[in-house]
1. Tell me, please, whether a residue that is in a helix (DSSP H, G or I) and either over 21 Å from the mean Cα position of the chain (by Cα) or more than 11 Å from residue 174 (Cα to Cα) (or both) can be found in segment 104-115.
2. How do the pairs read when you match residues in segment 111-133 that are more than 14 Å from residue 182 (Cα to Cα) with residues anywhere that are assigned to a helix (DSSP H, G or I) and open to solvent by less than 50 Å² (accessible area, probe 1.4 Å), using Cβ under 8 Å and keeping only pairs 6 or more apart or on different chains?
3. Just need a number here: residues in segment 230-263 that are surrounded by fewer than 22 Cβ atoms within 10 Å (Cβ to Cβ) and small (Gly, Ala, Ser).
4. Name the single residue that is nearest to residue 286 (Cα to Cα) among those in segment 187-228 being without any contact (Cβ under 8 Å) to a residue 12 or more places away in the chain and of a type in the set (Gly, Ala, Ser).
5. Would you check if there is a residue in segment 196-206 being open to solvent by less than 60 Å² (accessible area, probe 1.4 Å), closer than 28 Å to residue 95 by Cα and in a helix (DSSP H, G or I)?
6. Which number in (1) surrounded by 14 or more Cβ atoms within 10 Å (Cβ to Cβ); (2) over 19 Å from residue 110 (Cβ atoms) marks the one condition that residue 145 misses?
Amino acid sequence: MTAQLIPDRPAPGPTRPARSRAPKRTYAASFIYDRPGPRGKRNILLGSIISCAVFAIVIGFGLWQFASHGQFAPERWAPFTEWAIWEYLLVGLLGTLQAAAIVAVLGGVLGVLLALGRMSHQRWLRWICSAYIEIARTVPVLLVIYLMLFGLPQIGINLPTLWKLVVPLTIANSAVFAEIVRAGVASLPRGQREAALSLGMRGAQAMRFVVLPQALRNVAPSLVSQLVSLLKDTSLGYIVAYTELLYRGQVLASYLHLLIPTYIAVTVIYLVVNGSLSALASRLQRGSRRRSSPLPDLPALPATEHTKAANV
């Protein structure tokens, strides 16, 4: 009787030993190309050693040039031992984070709406969202910034300095967010939505409460990686004289007449912030892999007269 109620269960057989802990899943890209043999591995190792040696030589030559021109002199780095200099740069970092946060919120919301519109059954809505995404991904952000800076004032529209940077970045990043969200929805099995519909949910409710939360969780590492790119794009704010990190670095370099030390300090700040976001993306990716571990084996059902006869 039990086998009739659950026909997809395997037929009972000898008792299987207790399954040990599932091994850690590895992700390899060997399906893209043939796995190299011994000679190929030696060539790859040799190429890596040569590349590292060339990179080290270039870095050493650059450091030697800096030293020969007095860039490592203590008096050139003395201003960066004062808190006032770092406070000036951190105010620019605050402006960078503020612009990036506004673009992340506006671009994320608009990106979700564009992704839903591109997957809509309404042909006209799908066409409009697709056209917006393709155009926004094609047009350079710098061109849109120049339009905000020089074009709109010609027709009497003069946005605040912050929004001259936020609006172009939102237009560009919303299209990228939309494609990431759409890829996350497409990666889910269709049975998720069908199961929600079978429970009496409407199509919009199934997308809102079932499909979209799972899709956003799956693409969380990609979204965080896009935030890193967004944070770097805020450096275009110097064009509109917005107080962000790179703009403050330019002003400080002109004031101190220390171009290289100032930009090295700005680079270190960018490395710390973007490195933190990249580490967060890696951690989210490892967490999503742990959550997607294979399901454990179901216990074998007890044998019945019906299953014994079927096995015979």
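1. Going through segment 104-115, the residues in a helix (DSSP H, G or I) turn out to be 104-115.
From what's left, either over 21 Å from the mean Cα position of the chain (by Cα) or more than 11 Å from residue 174 (Cα to Cα) (or both): none.
Within segment 104-115 (the criterion being in a helix (DSSP H, G or I) and either over 21 Å from the mean Cα position of the chain (by Cα) or more than 11 Å from residue 174 (Cα to Cα) (or both)), the answer is no, since none of the residues qualifies.
2. 125/117; 128/117; 132/114; 132/175
3. Of the residues in segment 230-263, 4 are surrounded by fewer than 22 Cβ atoms within 10 Å (Cβ to Cβ) and small (Gly, Ala, Ser).
4. Residues of segment 187-228 that are without any contact (Cβ under 8 Å) to a residue 12 or more places away in the chain, as a first pass: 189-191, 194, 197-205, 208, 213.
Now narrow it down to the ones that are of a type in the set (Gly, Ala, Ser): 191, 198, 200, 203-204.
Details: 191: 25, 198: 33, 200: 35, 203: 32, 204: 31 Å.
Across segment 187-228, the extreme among qualifying residues is 191.
5. Checked against the condition, which is being open to solvent by less than 60 Å² (accessible area, probe 1.4 Å), closer than 28 Å to residue 95 by Cα and in a helix (DSSP H, G or I), segment 196-206 yields no hits at all.
6. Unmet for residue 145, out of (1) surrounded by 14 or more Cβ atoms within 10 Å (Cβ to Cβ); (2) over 19 Å from residue 110 (Cβ atoms): (2).
The values are calculated or read from the model by the stated rules, or taken from the named source; none is laboratory data. Values in this document were obtained by computation on a predicted structure and should not be read as measured data. When we count neighbours, we look across all protein chains shown, and the Cβ atoms used for this are built from the backbone with ideal geometry, even at glycine. Remember, those area values only see protein heavy atoms, side chains included, never the ligands or the DNA or RNA. Shrake-Rupley method; radii C 1.70, N 1.55, O 1.52, S 1.80 Å.
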